[in-house]
Amino acid sequence: MKHLIIAGAILWSGSVHFALASDTVIYEVTDQSYDDVMFGLENTILDFGLVISEHNHVGDMLERTKADLGASETIYSYADVFGFCSAPLSRAAMLEDPMNIRFCPYNIYMYQIDERSPVIIGYDAYPKGALQDVQALLDNITRNAIGLD
């Protein structure tokens, strides 16, 4: 995580830090609980007229399986990934290049290392072309979810 922040340009907006690295966009949220950020994200996705096709409880899975893997450390207090698609944006992206199917569904992830840590919310950066419209959607959703827009 520190590498992303150091590698990216950091902007301060209230209690949210923004970092952009070559492959991901993240926001650090320090003034909202994990549950509040997740509630905001779920509602924003739905408010944009999209359907959440998957909700992966990554933190729960890692915690549930750590003993089976001989591990003892907890990686996240909380970690989730939400997946969804936009039919018009997906069609435009796949008309441009059928290989763009690999980016669907579009994911926004969020996690918190521990109760004292900021909530991290972000998404992968996409290549140039029609997928930039998808990236703009992801950014709009993320920013709305945490109250920046």
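The values are calculated or read from the model by the stated rules, or taken from the named source; none is laboratory data. Computed from a prediction, not measured in an experiment: that's the story for all the values here. So basically every Cβ, Gly included, is an ideal-geometry build from the backbone, and we count neighbours across all protein chains shown.
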- Give the residue that is farthest from Ala79 (Cα to Cα), with candidates limited to residues of the range 125-146 that are surrounded by fewer than 18 Cβ atoms within 10 Å (Cβ to Cβ) and at pLDDT below 95. Gly129
- For the range 106-147, which residues satisfy the criterion of being assigned to a loop (DSSP other than H, G, I, E, B), of a type in the set (A, V, I, L, M) and closer than 15 Å to Cys85 by Cβ? Ala130
- Message: Which residue is farthest from Gln32 (Cα to Cα), if the candidates are limited to the range 96-120 and must be touching a Leu at 6+ places or on another chain (Cβ under 7 Å) and of a type outside the set (S, T, N, Q)?
- Response: Phe103
- Task: Name every residue in the range 88-141 that is over 17 Å from the mean Cα position of the chain (by Cα) and closer than 17 Å to Phe48 by Cα, in order of residue number.
- Result: Pro88, Leu89, Ser90
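Could you list, in sequence order, the residues of the range 32-50 that are surrounded by 13 or more Cβ atoms within 10 Å (Cβ to Cβ) and of a type outside the set (Phe, Trp, Tyr)?
Looking only at the range 32-50, we keep the residues that are surrounded by 13 or more Cβ atoms within 10 Å (Cβ to Cβ), and these are 32-34, 36-42, 44-45, 48, 50.
Result: Gln32, Ser33, Asp36, Val37, Met38, Gly40, Leu41, Glu42, Thr44, Ile45, Leu50.
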